[in-house]
Amino acid sequence: MGRLREGQYFCFCLEHVREYNNSYNYFNGMSDEAVARYLKDANVGHRPTWSMGVKRGANGFRADGQSAGNYSDPLGANRKRHHRAREAEPVSPRYSPVTMRALDALGLDEAASAETIKTRYKNLVKRNHPDANGGDRSCEEKLREIIHAYKTLRAARLV
């Protein structure tokens, strides 16, 4: 039925629905200021906004760990903690034997990035494709192995 009567409906036939929709004005009866305010609020989805300049982190805390609002933290549970930086050994990813064989088929080790894998795959396919070898089918088995290895790495989500 319109603004201020949400949840109430007219029962029209299709012809009268079209006629009603053509004549309907949502802003009918609103002042120019009210229309302007509505359109301004529409920019932010009619949700409240806050002034800029206050950095709020999770749970309403500023970046320095202090409360940004009325919340008190008497036990200091949300303060930044100062721990000694432990020298951690870089953890290398462990892959299944199938994934390792696929990497080996492309001539890569387990530290290869997704971009490196893609680049190596493209180069090997170009080099071993029969069209690049003048129709010679001697590299066909190697090409199949390369394609299978790449599919295996994609299934393992390394690419």
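The values are calculated or read from the model by the stated rules, or taken from the named source; none is laboratory data. These numbers come from a predicted model, not from an experiment. Here Cβ is always computed from backbone atoms with ideal geometry, including for glycine, and neighbour counts include all displayed protein chains.
Return the residues of region 95-104 that are surrounded by fewer than 18 Cβ atoms within 10 Å (Cβ to Cβ) and not polar (S, T, N, Q); say none if nothing qualifies. Walk me through it before giving the result.
Residues of region 95-104 surrounded by fewer than 18 Cβ atoms within 10 Å (Cβ to Cβ): 95-98, 100-101, 104.
Scanning region 95-104 gives 95, 97, 98, 100, 101, 104.
Restricting attention to region 122-146, which residues are surrounded by fewer than 11 Cβ atoms within 10 Å (Cβ to Cβ) and polar (S, T, N, Q)?
138
Keeping to region 108-118, report how many residues are surrounded by 12 or more Cβ atoms within 10 Å (Cβ to Cβ) and either over 27 Å from the mean Cα position of the chain (by Cα) or within 17 Å of residue 143 (Cβ to Cβ) (or both). Before you say what the answer is, go through the steps one by one.
To start, the set of residues in region 108-118 that are surrounded by 12 or more Cβ atoms within 10 Å (Cβ to Cβ) comprises 108, 110, 112, 114, 116-118.
Add one more test, that the residue is either over 27 Å from the mean Cα position of the chain (by Cα) or within 17 Å of residue 143 (Cβ to Cβ) (or both), and what stays is 108, 117-118.
The total comes to 3.
Quick check on my filter: what residues within region 147-159 are assigned to a loop (DSSP other than H, G, I, E, B) and surrounded by 13 or more Cβ atoms within 10 Å (Cβ to Cβ)?
Keep residues of region 147-159 that are assigned to a loop (DSSP other than H, G, I, E, B), which gives 156-159.
If the condition is that a residue be assigned to a loop (DSSP other than H, G, I, E, B) and surrounded by 13 or more Cβ atoms within 10 Å (Cβ to Cβ), then 156, 158, 159 are the ones that fit.
Among all residue pairs at least 6 apart or on different chains, which show Cβ distances below 9 Å where the first residue, located in region 103-116, is assigned by TED's automatic domain parsing to the domain that holds residue 145 and touching a residue at least 24 places away in the same chain (Cβ under 8 Å) and the second is of a type in the set (Asp, Glu) and loosely packed, with under 12 Cβ neighbours inside 10 Å?
That search, which allows pairs on different chains as well, returns 103/109.
Checking the conditions here, which among 26, 71 is in contact with a Lys or Arg (Cβ under 9 Å, 6 or more places away or on another chain), part of a loop (DSSP other than H, G, I, E, B) and at pLDDT below 85? Write out each step before concluding.
Details: 71 fails: in contact with a Lys or Arg (Cβ under 9 Å, 6 or more places away or on another chain).
The conditions single out 26.
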